[in-house]
Amino acid sequence: MVRQDVKDEVIHLRSAGVDLGKRFLLACARTPSSKRSGTWSLETERFGTTRAEVRRLLAWLVERQVEVVVMEATADYWRGVYYMLQPHLNLMLVNPAHLKGIRGRKTDPNDAAFLARAGASGLVMASFVPDRAIRELRDLTRRRTEIVRAAGSEAQRLEKELEDTGMKLTSVLSDVVGVTGRAILEALIAGERNRERLADLAVRRARAKIPELIEALDGDFTDHHAFMVRHYLDEIDRLKTTIGAFDTRIAELLDARDRELDLLDTIPGVGRLAAEVIIAETGGDMAQFATAQHLASWIGVCPGQNESAGVSKSGRARDGNSNLKRLLGVAAMAAIRDKNSYLAVFFRRIAARRGGKRALVAVMHKLAIAIWHVLHDQTPYRELGADYFAKRDPERAMRRMIKEANSLGLTIRFEPITGI
């Protein structure tokens, strides 16, 4: 146990910092000194990370009547400690990245003391930690995403195996494990080698590609290939069955939130699965985020600020919530496919000046803003239309059209339409 007296300006008279590890943690309580008025004592104690030790930590903190307890989000080690202390104490879980620039000497006791001082002085902000129901939903949606990726990886391995046979089936069929591709592969595994009969297994629109399939099926499909393809197909089936089980479980947990899911489904690029992930990551309660810009910053799709000596440097976006950022990237790419939509026009305007990558992040930012308003106001997304920018600034639109006409050696004249 270590004691020392320090002077500091505080918001909380009694605070504590907890430095977490896998096997043990260090807690530092910062309380008013009984020896000298206007100073504070730092008392440090070491605890284990078992539930019994965390209960001992709770009793130690309650005995010192701390008003706030600050801990870093260290890997996943914070979870067990945080969840046990949360019902009894005012906890602040902080992002380690926010503390990097203001650290001093790097030891575990110093870390705990620094967290206690930072909490007492109001230098840190608490991270968003959802309730148990949302945490369970997060686990399910995140694991489902991992399984979907695993199924995609197995399909890629299957495609590589087919390349080894010399067959170019993947050049003709966009989905080699779709209905047509699956029928052809099952027949190959069963021993069928006649290309015409294999190509005749095509269904629906794929039947228009029968001549191309016959040519693509020219290869050497051996017993080894049959064994490996069977293995990959079985793995894909197993993973799809697991995905179905996760879909069912997630639907049960979201049974009472159909309205929110339907509202999110009105946003371009956001489908039902994406809406489920949004609810799981944000909790669906926008009270956690003061404004739409706060949500965009939390996700990590807003421009950063980096200005020094009057010079604005690179304003790259922060890391944020990687799960939602990845989802918004996919949603943005889907949204801009509709060339006559507001987001598609917005993307083209930004891309012309800043490039496609920055423009895509700008669209992701727009989607984050839309998500906040849809959930906060409980209202569907309103499409502004492709002509939004022209209506907002008609004179600018006319100047642009005149400039384009002049570049082609033409001139144009604008006259109002009467009778409208």
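Derivation of every value follows stated rules applied to the coordinates shown; laboratory data play no part. Just so you know, these numbers come straight off a predicted model, no measurement behind them. Note: ideal-geometry Cβ built from the backbone for every residue, glycine included; neighbour counts use all protein chains shown.
Observations, loosely collected:
- Within the range 167-193: backbone nitrogen closer than 16 Å to the residue 157 label point (7 Å, Cα to C-beta): 177
- Across the chain, Cα pairs under 8 Å and at least six residues apart give a relative contact order of 11 percent.
- Rg/Rh ratio calculated on Cα atoms of the range 133-253 (Kirkwood radius): 1.09
- Taking the C-alpha atoms only, the angle from helix 108-121 to the longest principal axis of the chain is near 90 degrees.
- Nearest-0.05 FRET efficiency for residue 183 and residue 262, computed from C-beta distance (R0 51 Å): 0.90
- Sorted ascending by nearby beta carbons within 10 Å, beginning with the fewest, 170, 248, 39 become 248, 39, 170.
- Local electrostatic count, residue 128, Cβ distance below 14 Å [Lys/Arg +1, Asp/Glu -1]: -1
- Take the Cα radius of gyration of the chain and divide it by 2.2 N^0.38 Å, N being the number of residues; the result is 1.35.
- Electrostatic tally near residue 234: other residues with Cβ closer than 15 Å to its Cβ, Lys and Arg +1, Asp and Glu -1, net 0.
- The order of 142, 205, going from fewest to most other C-beta atoms within 10 Å of their C-beta, is 205, 142.
- Ranked 302, 28, criterion: other C-beta atoms within 10 Å, fewest first: 302, 28
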